[in-house]
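Read the structure below first, then the notes.
What follows is calculated from the coordinates using simple rules that are stated; it is not laboratory data. It should be emphasised that the depicted structure is a prediction, and the values quoted were computed from it without experimental measurement. All Cβ positions, glycine included, derive from the backbone under ideal geometry; neighbour counts span all protein chains shown.
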């Protein structure tokens, strides 16, 4: 069967396993064929061929022809892709509905109570961790900003300010509406002027020459980036999270001292 190995691997994106990919590709190459013929072409055990072909029929990848011996007719890949897209969208809608129901369900209240009970038993020194990858870091930062009650402090680089705008503008705006004070220290440049203008609608921005990347939430927890974003790909970006009022308050005091000397945007 003249099908590239990487092509067979990519057929997994259609929701097919290895045997399904091989048999469907074999059928596409023949148009119409019996299970035995397809088994030989695709190098799939005959004992599995019928079950796999039945699975492909249910998924809409082929049509079983009436008669003896039973033959199978390939469905146009473009039609299959349309069907797969529709199925994925339907499954996503169902999952979204389930999540929406869980948000107001009793089980969520039980899980929150369970977490609250368990967290009381955790040693304060255990409230720390590391996040790898900028996407993972951003997910946690977004959650932290949403949970803020009093203050969000951000120090970032000049390029980082543009990312703050792209990633957190909506949650920072919501925080401001909820009475949370938002403070952002960065290196102001011509390149991030537009981002600074947008964020200044709901945050106080000041210019600093001090390099650093961190987020302080309510003086209680800090997410501290370990690397300069100019020197690392976002995949390898990483941060340390610490929740310790004693430690974070010290960091906040140092930031406040520096903040008072910064020029307002």
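Among the residues making up region 228-242, those that are in a loop (DSSP other than H, G, I, E, B) and touching a residue at least 24 places away in the same chain (Cβ under 8 Å) are 228, 229, 230, 237. Scanning region 214-227 for any residue that is out of contact with any strand residue (DSSP E or B) (no Cβ under 9 Å at 6 or more places or on another chain) and either surrounded by 13 or more Cβ atoms within 10 Å (Cβ to Cβ) or in a helix (DSSP H, G or I) (or both) turns up nothing. Which of the residues that make up region 176-198 are closer than 25 Å to residue 234 by Cβ and either in contact with a strand residue (DSSP E or B) (Cβ under 6 Å, 6 or more places away or on another chain) or in a loop (DSSP other than H, G, I, E, B) (or both)? Within region 176-198, 182, 183, 184, 185, 187, 188, 189, 190, 191, 192, 196 meet the criteria.
Here region 20-32 is the region considered, the condition is being surrounded by fewer than 22 Cβ atoms within 10 Å (Cβ to Cβ) and either touching a residue at least 40 places away in the same chain (Cβ under 8 Å) or over 20 Å from residue 81 (Cβ atoms) (or both), and the residue that is nearest to the chain's Cα centre (by Cα) is 20. Selection of region 171-201 for residues being surrounded by fewer than 16 Cβ atoms within 10 Å (Cβ to Cβ) and closer than 23 Å to residue 251 by Cα yields 176, 179, 181. Restricted to region 124-170, and to residues there that are touching a helix residue (DSSP H, G or I) at 6+ places or on another chain (Cβ under 7 Å) and in a loop (DSSP other than H, G, I, E, B), the residue that is surrounded by the fewest Cβ atoms within 10 Å (Cβ to Cβ) is 133.
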